[in-house]
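Worksheet for the structure shown next.
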Amino acid sequence: MIINQTNLAVLFTGYSAAFKGGLESAPKHWDEVALQVPSSTDENIYPWLSQLPGVREWIGSRVIKNLGANSFRLKNKDFEATFSVPRNAIEDDSYGAYGPIVREIGLTAGDHPNELAFSLLAAGFTTLCYDGQFFFDTDHPVGDGEAAPVSVSNMQAGAGPAWFLLDTSRALKPLIYQLRRPYQLVSKTNPDDDNVFFNKEFIYGADGRSVAGFGLWQLAFGSKATLDAANYKAARQAMMGFKGDGGRPLNINPKVLVVPPALEEAAMTLLNTEYGAGGATNVWKGTAKPIVTAWLV
């Protein structure tokens, strides 16, 4: 191929198509557990209530909830993946060999929101959320401001691989995926660029801006106990028992079970089989959707 701006533009179009193909073919599970929020600045401020809002009978004046009482910030982060194509490869018409690499980079970029969301979920036992407690903790303070708060747990202790039960049925989600700028492919292919002049390399790269953060802990339950019927039942009952102001039930409805590959068989057995141990009817079949992800690290 003759090295000129026209041919380089055609090459970039081909690489862009490969990148887009990889981006669109990436597995997508993050949107089941995280609320996507657009961002137009360096960071977003989230004015959470201390608990899920409820409706009360209107007697006397309205009772105003202070949305800013537990506000927190999520600062966008920059991410990139960059590679080079030798000038000689383009001159010798060997550039096609790089197409699958570009597609793979697109696939990696498309999978990145999964990595952000599920890696954060796994870190929830040691990462603070809006109320100053770890996202998965034994002593989340819950109260209406009139009486002393009570401590509420959304976790089970244990020594095994962590698994997570989530309510994904509401407008709010357990996690937030804040998107400032989606991934796009860019290039440095001007023959006068230093990378071309000194190193005989054309450089291509994908970059974007985003961040993942915690939403409401009331919508999530984390466990390191054995994933079996007894512990699954205990987790569901704990979540469905969460209450808000004045002891009002929050009507939590667990819908998704997130597990690492090590717990795939246990999750599938628990949620998909007709019968449990001893041939008894498996009452937990279909009660949640299993999501198996390697990003629980």
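Couple of notes before you dig in:
- Test: residue in the stretch 233-243 that is closer than 23 Å to E265 by Cα, surrounded by 17 or more Cβ atoms within 10 Å (Cβ to Cβ), basic (K, R) and touching a residue at least 24 places away in the same chain (Cβ under 8 Å): yes
- Residue in the stretch 3-17 that is touching a Leu at 6+ places or on another chain (Cβ under 6 Å), of a type outside the set (D, E, K, R) and in contact (Cβ under 8 Å) with a residue 12 or more places away in the chain present: yes
Results for (1) modelled with pLDDT of 90 or more; (2) surrounded by 14 or more Cβ atoms within 10 Å (Cβ to Cβ), shown as yes or no for each residue.
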| residue | (1), (2) |
| --- | --- |
| I2 | no, no |
| Q5 | no, no |
| F12 | yes, yes |
| N44 | yes, yes |
| S50 | no, yes |
| G54 | no, yes |
| D78 | yes, no |
| I105 | yes, yes |
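- Test: L116 is in contact (Cβ under 8 Å) with a residue 12 or more places away in the chain, in a strand (DSSP E or B) and surrounded by 14 or more Cβ atoms within 10 Å (Cβ to Cβ): no
- Test: A230 is buried (at least 19 other Cβ atoms within 10 Å of the Cβ) and either hydrophobic (A, V, I, L, M, F, W, C) or touching a residue at least 40 places away in the same chain (Cβ under 8 Å) (or both): no
- Positions within the stretch 281-293 being without any contact (Cβ under 8 Å) to a residue 60 or more places away in the chain and in contact with a helix residue (DSSP H, G or I) (Cβ under 6 Å, 6 or more places away or on another chain), in sequence order: W284, P290, V292
- Taking the criterion of being touching a Leu at 6+ places or on another chain (Cβ under 9 Å) and part of a loop (DSSP other than H, G, I, E, B), the residues of the stretch 28-50 that qualify are S39, L49.
- Q156 meets the conditions (1) buried (at least 18 other Cβ atoms within 10 Å of the Cβ); (2) within 20 Å of D31 (Cα to Cα) in every case but one. The failed one is (2).
- Restricted to the stretch 124-148, and to residues there that are hydroxyl-bearing (S, T, Y) and surrounded by fewer than 20 Cβ atoms within 10 Å (Cβ to Cβ), the residue that is farthest from T293 (Cα to Cα) is T138.
- Scanning the stretch 10-27 for residues that are of a type outside the set (A, V, I, L, M), assigned to a helix (DSSP H, G or I) and touching a helix residue (DSSP H, G or I) at 6+ places or on another chain (Cβ under 8 Å) yields a total of 8.
- Residue selection: A109 satisfies the criterion of being of a type outside the set (S, T, Y) and either part of a helix (DSSP H, G or I) or closer than 18 Å to E32 by Cα (or both).
- S151 satisfies every condition listed in (1) surrounded by fewer than 14 Cβ atoms within 10 Å (Cβ to Cβ); (2) part of a loop (DSSP other than H, G, I, E, B) except (2).
- Residue match in the stretch 166-179 (condition: surrounded by 14 or more Cβ atoms within 10 Å (Cβ to Cβ), in a helix (DSSP H, G or I) and acidic (D, E)): no
- Out of N272, N282, N251, sole residue that is touching a Ser or Thr at 6+ places or on another chain (Cβ under 8 Å) and surrounded by 12 or more Cβ atoms within 10 Å (Cβ to Cβ): N282
- Selection over the stretch 80-102 of residues that are farther than 19 Å from Q184 by Cβ, small (G, A, S) and not in a helix (DSSP H, G or I) gives a count of 1.
- When L219 is tested against (1) surrounded by fewer than 16 Cβ atoms within 10 Å (Cβ to Cβ); (2) closer than 30 Å to P149 by Cα, just one condition goes unmet, and that condition is (1).
The values are calculated or read from the model by the stated rules, or taken from the named source; none is laboratory data. As the structure is a prediction and not an experimental result, all values here were calculated from the model. Here Cβ is always computed from backbone atoms with ideal geometry, including for glycine, and neighbour counts include all displayed protein chains.
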